[in-house]
Amino acid sequence: KVIGMVLAGGLSSRMGSDKALLPYHGQTLLQHQAALLAIAGLKVVVSGDYEGFDCIPDRVVRCGPLGGIYSVALQYPDSALVVAAVDMLQITPANVSRLRQNAVACHFAGQPLPAFFPDAGEVAIAIAAILADPNRGFSLHRLHSLLSSEAISDAEFEPMNVNTVADWLAVE
């Protein structure tokens, strides 16, 4: 079982408004990312709290994407996870398929997301270790390091993150 997870529980502080609800090609960014994962054949869950979606709130708040991934991994420990950020545009079903072809945790070279984690239970254990570390560096890079994630090359992958109003204006 593979879960397609949209990370949408952030504060959107650099944007000034909820990025998940920004309009994009006749829908919201959240609807766009959820549809993309569904087209790729995945059961879609959302890290955050949005009406109309299968949402899982963060069990550990204020630790960024790791909080969302941890919560979903605990909910679906016997599944694989494909994790995409709500603001990472231009991900395609082909990109998702490319990640899923691997038997090990992986992401595209130079980007921690989107990522594929074949064992959500292992992800939950790794994130619990990160959360318990007194140095508490809550980074996706640290998670990938703990899981020995493979950085795969894909010339077709050209993501576009939307973090600020300036980024958003460049998209529109």
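The values are calculated or read from the model by the stated rules, or taken from the named source; none is laboratory data. Note that the structure is a prediction, hence the values are computed from the model and not measured. Here Cβ is always computed from backbone atoms with ideal geometry, including for glycine, and neighbour counts include all displayed protein chains. Quick note on the areas: whole protein, heavy atoms, side chains included, nothing else; ligands and nucleic acids left out. Shrake-Rupley method; radii C 1.70, N 1.55, O 1.52, S 1.80 Å.
Once you order the gyration tensor axes a ≥ b ≥ c over the Cα atoms, which shape class does the chain get: rounded for a/c under 1.5, otherwise prolate or oblate by comparing a/b with b/c? Cα axes put the chain in the rounded bin. Taking all protein chains into account, the per residue accessible area for the range 21-172 stands at 48 Å² (1.4 Å probe).
Sequentially through the range 49-65, phi angles give Karplus couplings (6.51, -1.76, 1.60; θ = phi - 60°) of 9, 9, 4, x, 10, 7, 9, 10, x, 5, 7, 10, 8, 6, 10, x, x Hz, Gly and Pro residues having no value and appearing as x. Once the trypsin sites (Lys or Arg not before Pro) in DSSP loops with at most 15 neighbouring Cβ atoms within 10 Å are cut out of the chain, the longest remaining piece is 63-135. Split the accessible area of the chain by element, probe 1.4 Å, and carbon with sulfur accounts for 51%.
In terms of the Cα gyration tensor, with a ≥ b ≥ c the square roots of its eigenvalues, is the range 38-100 rounded because a/c is under 1.5, prolate because a/b exceeds b/c, or oblate? Prolate is the answer for the range 38-100, as a/c is 1.5 or above and a/b outweighs b/c. Look at the Cα gyration tensor of the range 1-91: its axes a ≥ b ≥ c give a/c of at least 1.5 with a/b at or below b/c, and that counts as oblate.
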